[in-house]
Structures are given as C-alpha cells and as structure tokens.
1. Per q in 0.08, 0.11, 0.13 Å⁻¹, report the Debye log10 I(q)/I(0) for the stretch 109-338, using one uniform scatterer on each alpha carbon and no solvent.
2. Determine, for each peptide in 42-48, 243-249, the mean count of other beta carbons within 10 angstrom over its residues, then list the peptides with the highest first.
3. Net charge within 13 Å of LYS277 by Cβ-Cβ distance, Lys/Arg positive one each and Asp/Glu negative one each, not counting LYS277 itself?
4. Would you please state the base-10 log of I(q)/I(0) at q = 0.17, 0.18 1/Å for the stretch 2-91, with intensities from the Debye formula using one equal scatterer on every alpha carbon?
5. Could you give the distance between the Cα centres of the stretch 219-253 and the stretch 125-143, to the whole Å?
6. Restricting attention to the stretch 290-341, which GluC sites (Glu not before Pro) occupy a DSSP loop and are surrounded by at most 13 other Cβ atoms within 10 Å?
7. Using the alpha-carbon atoms, what tilt in degrees (0 to 90, nearest 10) does helix 2-18 show relative to the longest principal axis of the chain?
8. What does the charge dipole of the stretch 2-91 about its Cα centre add up to, to the nearest 20 debye, if the Cβ of each Lys and Arg holds +1 and the Cβ of each Asp and Glu holds -1?
Amino acid sequence: MKNQINKIKELALKEISKARNLADLEKLRVKYLGRKSELTNVLRGVKDLSKNERKEVGEMANKLRGEIESGIKNQELRIKELEFSGIEEKEKIDVTYPGRKIQKGHLHPLTQVRYEIEEIFKSMGFLTVEGREVEDEFHNFDALNIPKNHPARDLWDTFWLKDGNLLRTHTSPMQVRFMKENKPPFRIIIPGRVFRYEASDATHESNFYHVEGLMVDKKEKITVANLKSTIACFMKNLFGEKTKLRLRPSYFPFVEPGFESDVTCPYCGGKGCRICKGTGWIELGGSGMVNQKVFTSVGFPEDKYEGFAFGFGLDRIAMIKYGVDDVRLFYGGDLRFLEQF
Ligand code: DAH
C-alpha cells in the first residue's frame, strides 16, 4: 500500500506540474482527489489495516492528500501568472496616439431648408403641422374644389393605390383636415413630401417637397395685402432684404383670385442671369385668397371667413438658395454633393 501511495504521488505531482490551463488542472483534481480517485480508495481501506499500519498508511495518505492539494494550488497560481505575463506588451495602449475620426453626418440640405423655413414662419406666428402622404380623393381633390373630370386634375396626375387612395400631390389637403378640426383665426404652414406621376428631369421629380401656408380669420380681417406682405417677408428672410415679390394672376381651383408668386433673382438681383434665364425673376409657387368653396367643404358658414393660402416647392427654394441646377442631385445620395452643405 505504501508503494501504491508513492506511485500515486509521483504520477500526480508530475501531471499537475505539466497542466497548462485551469480546465486541465480541474480534471486532475477530480482524478487525484475526487470521490472515485485511487487515493480516496486507499484512505477508505485504511480502517481495515492492522493498528500499526493503519497509523503509518493513514498518515502517508493524508500527507499526500495535502501535497496534491497544495500542488494544485501552486500550479493554479503559475498558470494564472503565465496568462498575465506579457499582457502589458500585448495590450499596451498608447494614449498619445491620435484618435480615429468618427464620420459624422449632418442634416440633408432639403431638411436644412425646411427647418429654416419653419423658423421664419414661426417668427411670424405660424404653426407647423404635418399631413399624411397617402391621401384620399376627397381631401386631395374634391374638397379643394377640384371635382372629378375637371381638367384641373390633369395638373395633379399622381400614383393611385389599389384601395382607391393616392399619394398626395400637394400638402394642401392638410388645409382641409386642419380646418375640419380648428376654428379660425389661425395661421399654419404644412411642409411635407408630395408626389407626381411624371418622368424626372433636371427640374422635375416624381417625389419632392412642398410648403403650404394658410391663414384664416373673420371676413374683413384678411386681404391680399396680408398675403403679399407675409410672402414678401418670408422671401426677404430667406433670400435677403433686397428681394422683391411679384404676383401674377393665375389659376388654382382652391383660391380666388389666384397668383403666381415670383421673386427677384437672388443671384443677379433682378438684372438677368443664367439662373433666372435672363428674366430677373424666379417663379416660386402659387398663392391666392381661399376659395369660399373650400370653406364650405369643411363646413364653415358661408361668407364668414376670409383667408389666404400659398404653396411653394421646397426643392425649388433649395435649388435657388444653393445654386443647384439639377433637382435629382438632392435624391442621388452622392456624398460628394451632400457634404458641401
Ligand atoms: N397646391 C399647389 C400645387 O400643387 C400650390 C398652391 C398654389 C398652393 C396656390 C396654394 C395656392 O395654397 O394658393 O402646385
């Protein structure tokens, strides 16, 4: 039995000193100290020995047990030490090394212009509201005095959904939704994405952005003078104090009278240049006094209110502001273009 113990000792201490990781060490612990280990077996047999032997073998076995335990502990420390040796080299951090730049984006130029426009109108007391991109025929057309089969509908050819709804052709339908929920007086702008069924070229896209405006109050309170001063104030804020506004008679079913709104070209100041095609003026969108039929369609009493409305292309404003001559650049996602803003 003493021989057996010596053999276990030799083998155990050798194997333990060779263990290179904690998992292997744990296996050895089970092998040499576990309930089914040879040493445990020996210890169990001690009680059957003669008294003298019992003492000697028992002491030997217990001593070995202690030796194996401390051998394992020491080896564990050695393994851990080994693991961490050289870590300073491997994980060295040079705190003076210049940091890696994180690429930071910024708002899209159209969003920048939209926010600027919202700020200008906010300073004039206008509330910004948003409509929905998928509209129904009533709000996009009928309520705005564009009945079915009216030739004016040709101006607003759009994408129709299978359920009979459509992609809004202007943000004007939100006029109607807003007036159904709110009583005058109010002034709002409605920026948002709109759609037209048309092929894209340098100045047209099937998807673009509008800013609609609407101010309504009691009958005598709002006139064309308010319309003109509001739009002029907006244009001056956007393009500079020297900007002049020109209204030309035009037709939009939801206003009466209706105007085309032009501004003096911010590039040549009205002298005529490449941007304004030599005319000195740039057309920005429509405006007019709200047609009483629109008020009727939202349930307002007849002849009680008066208001003005306007609608501008946000893309067009951005093109003029930044001197961009192709609207498609805004939608191309080309960073070489976008990073310039
Ligand atoms: N909704 C018009 C368009 O799609 C723009 C517009 C013109 C809006 C005149 C108006 C307006 O409110 O009075 O082109």
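1. Relative scattering, expressed as log10 I(q)/I(0), comes to -0.28, -0.55, -0.77.
2. On the way: 42-48: 13.7, 243-249: 15.4.
Final packing ranking: 243-249, 42-48.
3. Charge balance in the 13 Å sphere: -1.
4. Once normalised to I(0) and log-transformed, intensities are -0.71, -0.77.
5. The stretch 219-253 and the stretch 125-143 have Cα centres spaced 22 Å from each other.
6. Answer in residue order: GLU302, GLU339.
7. On a 0 to 90 degree scale, this one is about 30.
8. Details: 22 positive and 17 negative charges, 137 e Å.
It works out to roughly 660 debye.
Every number in this text was worked out from the coordinates using simple rules, so none of it is lab data. Please read these numbers as outputs of a predicted model, since none were measured by experiment. Here Cβ is always computed from backbone atoms with ideal geometry, including for glycine, and neighbour counts include all displayed protein chains.
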